[in-house]
Every structure is written in structure tokens, then in C-alpha cells.
1. DSSP loop (so not H, G, I, E, B), at most 16 other Cβ within 10 Å: list which trypsin sites (Lys or Arg not before Pro) in the stretch 187-259 pass both filters.
2. Would you mind checking Lys230/Lys253; Lys83/Lys455; Lys158/Lys196; Lys37/Lys62; Lys62/Lys354 for any pair whose Cα atoms are more than 20 angstrom apart?
3. So which lysines can Lys444 reach, going by Cα to Cα under 18 Å and dropping same-chain residues fewer than 8 places off?
4. For the stretch 225-275 and the stretch 283-328, what is the separation of their Cα centres, given in Å?
5. Along the stretch 124-139, what does the Karplus equation 6.51 cos²θ - 1.76 cosθ + 1.60 (θ = phi - 60°) give for ³J(HN,Hα), rounded to whole Hz, x for Gly and Pro?
6. Using θ = phi - 60° and the Karplus curve 6.51 cos²θ - 1.76 cosθ + 1.60, what whole-Hz ³J(HN,Hα) does each residue of the stretch 235-243 get, with Gly and Pro shown as x?
7. Can you pull the Kirkwood radius for the chain, inverse mean 1/r over Cα pairs, to one decimal in Å?
8. Using +1 on the beta carbon of Lys and Arg, -1 on that of Asp and Glu, and nothing else charged, what's the dipole of the chain about the Cα centre, debye to 20?
Amino acid sequence: MIQGLRSIFRTGRTRSLKWRLAQLNSLIKLLDENGEKICQALFEDLHKHNMESYVMEINMCKNDAVFNINNLRSWMQPQQVPKGLLNKMDDAYIRYEPYGTALIIGAWNYPIQVTLLPLIGAIAAGNCVVLKPSELAPKVATLLEELIPKYLDQECIKVVNGGIPETTLLLEQRFDIIFYTGNTTVGRIVMAAASKYVTPVVLELGGKSPVFIDGNADMNVVARRIAWGKFCNAGQTCIAPDYVMCTVETQEKLLDKMKVVLEEFYTTNAQTSESFGRIINARHFQRVYKLMEGANIAIGGQTDESDLFIAPTVLRDVKLTDPVMQEEIFGPLLPIVPVRDHQEAIEIINDREKPLAMYIFSTDKGLVRTIKESTSSGGFCVNDTLIHAAVPTLPFGGVGNSGMGAYHGKFTFDTFSHKRGCLEKSLGLESFNSLRYPPYNEKKLGWLQWILVQKPRRTGLLGFFPFVVLGVFLAVFFKEQIVVKKKNTTTTR
């Protein structure tokens, strides 16, 4: 299969703008014509409400595809770059070229979004693709295997379903780029497999994304935005708020508001609410359930393993040594860690692995700037949660343990494109270029030192001085060459 994709790629079929646009339009058609089927599959796998399925899965993919279609022609154009004095007469540019054959390994928590968004960028960049949906969302995986060959070019885009054996077999093959979404443990396995062929890898992982709440924030708004970001998809979102840090006083205010908000969102019994999802499977249910052991439950805590249900749960007075603070939660538990102030919060953040996202709720711009400049994370969002991931002009990706590389919008196109540096020179001006040829001498070295060594940029009229000098140099140099040639001609005669 891989060899077949390589052969197709070498024909140049995927490189044309026409092919890329046709595939992207067909993908939009797939989403438009199969919305109900997709929603049903997401409900069966994750108990997702249609609103979450459309807003956070289908529509995100459609919007990204449209964004690519509207901009692809300009993205594909060679990008001219600034040139030094030595290359002012040359053509220097970056050419965006497809890598070749890409492997995309999707995740189960947003099995449409995190599988199709990379596919959109890979197609836009002109690659052939092997798509591996997550086997943990089997209904969606089966549906993608059925639909994609009907709408997209079957010779250039393949879907492979299966579990660990199939994924392992794929990773043994030689791809030109690998894009993986999932946990850090498997991310390391993917990276190790890619190293055999020195294959570039994009890893979209996760981590414990912190929230800091400043006491001056409107707690009515804060509670609603944190609750939405934390408990949509039953907390199974890679950039979900993982834990909250605030003062003891703010903790009490937050808990009061959170009780009201959760009842408003999911009624007094979230298990009967159509708006609340389920844990993906029994293994993950047990993992999340154990994180609650011995915890101080302030809100929620109800569970039903037969229904894979864990209620929206808020834990109070959580210590950094508690089990819930030792790993990414990836479930509907929200620990609150009391801190003295934002400085202690910064210390806690910096003592841990770099998270995929960070959230600050405050109206104090100075405080926000201090936290932003004192920490590192994949994304940074003020006074909201998750929503930064919906901005197509922002890169989405991790740093350190939360991943490498970025995507969404043009960043996906860039990720799946090799930036080929190109320089086209004229065969003329050989007299000028002869400065670099042997035999070497001090005069040549002096001129090359002046031309090649970069100088700090100057503003105003001084900024034009190097060009004036270059013009004088060229005039003098060519005059000398003419004189030399005349002498040589006279001598020959």
C-alpha cells in the first residue's frame, strides 16, 4: 500500500492546485451529506450531544477546509525572501513542497476533529495520506473507513482501521512525515519508530493545563466558562482545564457559583442530561474513578460504571501530592488547589511539565503579563477556556512534554510542507562574482568582508549608505575590469 502511494505521488497528481481544491471540496461535501451519521456515531462512542458534535467536530473541520480553500492559491506561491548585498540581483525564495506520503494517527476523544483537521492540511499541502482513526471510537472509525473512499481520491488517500498490531505495522513502514494525536507515552513510541528513518514527527499530546483565578474576576462568568471547558465531552479534552489555582477565599466563591452553574448546565442529575457525555470505556472509567479516592469532594462524585458515567465533580483543598495531581485527568474531575497568590501559582506551573494550554481569569493586565512572561505552555488564553483552539490564525500545539509542532489553518499546511530554499542566479556579472575565486588576495578579502559581514540596521538616510557605497564599488570595479581587458587586448595585438 505504501509503495503504491509513493508511486502515485511521483506522478505529480497531488501537487496541482486543482486536485487539492477538489479533495477539500469533496471533504466538505462528505461532512454536509453525512452530518446525522457522524452525530450518531459520536453519540454511540462518547454519548456526545449533537450540539457538541456539530460545533466542536463537524463545523471546525468544515470551517478549516473552507479557510484552506480560500487561501490555498496564495499559500502555494513561492515566498520571496530578503537578500544580502551579494545576492541583490538574484532570485531567492522559499518553495512549499509536499513531503510525500503522510501517516496521520487520530485520537478517540474528538475522533472527527483531530483526524480530519490534519488530513485537511496534508491534502492542502499536496501529500498522499494514510489515515489511522482511533480504534477506541469504533463507530466513528468504521464510518470514516466507509465514507472517505466514497468522497476522496482512493488512490491517494487510504484509511486503515485496527488496534495496536495494525498501528505497530504502520509505524514499521517508511513515511515522509508522521502526525500523531494522543498521550505522551504512545507519542514517545511513535517518535522512536520514526527515528529509524529520520522521519519528521508532529506530536499533539496533552498535560495538566492549569487555571489561575484572580480574586477580582467576575465569579459568575468564571464559573460558567470553566465548567463549560472542563465538563464538555465529560472532561475528555486535551486542553480542558485540568486544575484550578486560587486563594482560599476565591475557592469558596467559586464553589458557590459552580454548584449553581452545574445544576443549570446538567440539572441536578447529570446522568439524565442529554448534554453530558460518558467516559470512553471501562478502563478509563476505572482510572478516573481511582483519582477520586480519598479526595475532598465538594460537588458531584456520583458514578455508574455500567453506564460509564462519572458526574461533574469538583474537588476542594487539593494538595499537590494527591493522586489527582500526578497525571493528566482526562475526565470530569476539577481539583482546586489553594495558593497564596499568583507567584505561588507560577512556581507550581514551572515545577511541572509544560502544559498544552494555560488559562488566566483576571482583569489585571499587569498580572496577566507577569504570568504569561514567567511560564511556558502550548497555548495561552485569558478569561475563557478552550476557545483559543477555534481561531484558525493561531497555531495549536504543545511544547516540551505536551508535544511538538503545530497545526490549524495555515499552520497545518506549513506542517505538511517542506520549505525548500531556492536561489536562482544569472550567469552574468561574472566579473563581480570573481571576487570569491582564487587566487585570493587582501584586496578581495577586504571587499568581501565589507559585502558579506552583516551590519546593524540603520534608519533614515544612513540606511541607504551601504547601497550607495555598493554602487560606487561596482562602478569602480567594472571600470577597473574594462581597463584590464583593454590592456590585455592591446598586449595581445
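1. Counting only loop positions with at most 16 other Cβ atoms within 10 Å, the trypsin sites (Lys or Arg not before Pro) in the stretch 187-259 are Lys196.
2. Check vs 20 Å cut-off fails for Lys158/Lys196; Lys62/Lys354.
3. Candidates past the 8-residue exclusion: Lys479.
4. The stretch 225-275 and the stretch 283-328 have Cα centres separated by 13 Å.
5. Result, rounded to whole Hz: 4, 7, x, 9, 7, 9, 10, 9, 10, x, 6, 6, 7, 10, x, 5.
6. x, 8, 10, 5, 10, 5, x, 8, 8
7. On the way: mean 1/r = 0.0387 Å⁻¹.
Kirkwood radius, the chain: 25.8 Å.
8. Here the chain has a charge dipole of around 3640 debye.
Each reported figure results from applying straightforward, stated rules to the coordinates on display, with no laboratory input. Keep in mind that this is a model prediction, so the values were computed, not measured. Here the Cβ is made from the backbone with ideal geometry for all residues, glycine too, and neighbour counts use every protein chain on show.
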